[in-house]
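The values are calculated or read from the model by the stated rules, or taken from the named source; none is laboratory data. Predicted, not measured: the structure shown is a model, and the values here were computed from it. In this analysis, Cβ positions are derived from the backbone assuming ideal geometry, glycine residues included, and neighbour counts consider all displayed protein chains. For accessibility, only protein heavy atoms count, side chains too; no ligands or nucleic acids. Shrake-Rupley method; radii C 1.70, N 1.55, O 1.52, S 1.80 Å.
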Amino acid sequence: MKIAILSQDPTLYSTRRLKEAGEAQGHQMQVIPYLRCYMNITSRKPSVVYKGSPLENFDAVIPRIGASRTFYGTAVVRQFEVMGVFSANESQAISRSRDKLRCLQLLAREGIGLPVTGFAHATEDIDGLIETVGGAPLVIKLLEGTQGIGVVLAETHQAAKSVIEAFRGLDANILVQEFIKEAGGADLRCFVVGGKVIAAMKRQGKEGEFRSNLHRGGFAEKIKLSPEERSTAVRAAKAMGLRIAGVDLLRSNHGPVVMEVNSSPGLEGIEKATEVDVAGKIIEFIAKNAAPGKTRDRIQY
Ligand code: ADP
Ligand code: MG
């Protein structure tokens with residue numbers, strides 16, 4: 001098969017591993033920086049053009065779209081879909097997952113466990129918003145943050161109020177969330193491929209830090225999930241319409257709760273912590289599902 005990895009940086013661990021794993025399984029792999037592609041949007045022969053020539057005869061694309069490039073990146077993925085090319089994750093599903101609020105609303109609709117979360121535009125009734133999530137301590141998040149930046153723990157009602165006012169004063173969109181203290185600064189990253197959890201790790205924040213992000217100095221180790229955690233992760237990926245997803249769970253007193261669902265989960269942390277060949281499993285899944293004739297000329301939303 002001929003598979004394109006849509007990634008801006010061929011030297012990234014995830015990009016390199018996907019290319020390597022694809023080649024090891026006998027596929028022709030090409031890394032394509034999607035920001036350098038342009039599109040010919042016509043109903044007769046739609047195409048994606050890169051370095052002056054149309055990209056033709058691809059059987060599948062693996063989108064690795066950066067968080068700050070969602071708009072253009074998903075447009076390129078959508079163009080491949082229009083051309084009948086199988087995408088490891090559909091453009092619609094990627095867009096959906098990029099907005100934390102939208103993500104939580106979709107998960108709530110499916111009855112999946114979530115931390116109690118509030119969202120408001122106006123600042124007139126901050127007290128009401130704080131009460132909605134059970135009062136302080138609580139977590140305040142910027143809607144478009146990643147890597148733990150923009151996630152704040154407010155320990156008192158007054159602190160929460162000031163932080164909310166400050167963010168709203170800057171016109172930032174924020175959500176307010178129940179603080180799952182019992183998670184103890186740890187979360188679970190469940191790597192879902194094709195409706196199965198293929199690897200899972202526990203990330204523990206460094207001493208005194210409630211955020212477990214590896215970028216914030218967290219530490220990762222392999223973990224065995226409970227059946228309930230496993231099924232929550234699979235249901236969350238499905239609710240978002242993602243075939244490949246990194247589902248982050250917190251262990252709360254009332255069972256696993258989903259914090260976020262990532263459509264381009266990184267491979268380095270999970271492969272190193274679990275020693276699972278995640279890249280290989282992604283390629284196997286694509287080879288099985290992008291077989292010619294299976295997805296051609298059809299886009300499902
Ligand atoms: P980001 O997208 O920046 O990674 P997250 O929503 O994943 O933001 O939050 C970052 C980290 O903060 C999480 O990995 C988790 O360890 C911690 N955290 C986030 N929300 C909560 C919460 N409601 N209760 C307890 N810890 C939380
Ligand atoms: Mg996170």
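Things to note:
- Most to least packed among 236-247, 103-114, 186-197 [average Cβ atoms within 10 Å]: 236-247, 186-197, 103-114
- Per-peptide average of other Cβ atoms within 10 Å, ordering 279-290, 65-76 highest first: 279-290, 65-76
- Across the range 172-198, the residues whose backbone nitrogen lies under 11 Å from the label position 7 Å along the beta-carbon direction of Glu144 are 172-173.
- Each of Asn40 and Asp125 was given a label point 7 Å from its Cα along the Cα-to-Cβ line. The distance between the two points is 5.5 nm.
- Computed with a 1.4 Å probe on the full set of protein chains, the accessible area for Met29 sits at about 20 Å².
- FRET efficiency for Lys51 and Lys2, using Cβ-Cβ distance with R0 set to 25 Å, rounded to 0.05: 0.90
- Over the chain, the reciprocal of the mean inverse Cα-Cα separation, the Kirkwood hydrodynamic radius, stands at 20.3 Å.
- Here's the picture: charge each Lys and Arg Cβ at +1 and each Asp and Glu Cβ at -1 in the range 172-265, and of Val193, Ala233, Gly208 the one pushed furthest to the positive end of that dipole is Val193.
- To the nearest ten degrees, helix 13-24 and the longest principal axis of the Cα atoms of the chain are 30 degrees apart.
- Relative to the longest principal axis of the Cα atoms of the chain, the long axis of helix 70-82 makes an angle of roughly 40 degrees.
- Highest average packing first - 53-62, 168-177, Cβ atoms within 10 Å: 53-62, 168-177
- Nearby lysines by direct alpha-carbon distance to Lys2 (threshold 27 angstrom, same-chain neighbours under 8 apart not counted): Lys19, Lys45, Lys51, Lys196, Lys238, Lys281, Lys288, Lys294
- Distance (nanometres) between label positions extended 7 Å along Cα→Cβ at Glu207 and Asn253: 2.8
- Between 0 and 90 degrees, the angle of helix 100-109 with respect to the longest Cα principal axis of the chain falls at about 90 degrees.
- Length gained when the stretch Glu23-Ala108 is fully extended (0.36 nm per residue, less Cα-Cα span): 26.6 nm
- Here the Gaussian network model covers the chain, with springs between Cα atoms less than 10 Å apart; of Val163, Val139, Val77, Val163 fluctuates the most.
- Label zone (Lys272, point 7 Å along Cα-to-C-beta; backbone nitrogen cut-off 20 Å) within the range 2-20: 9-20.
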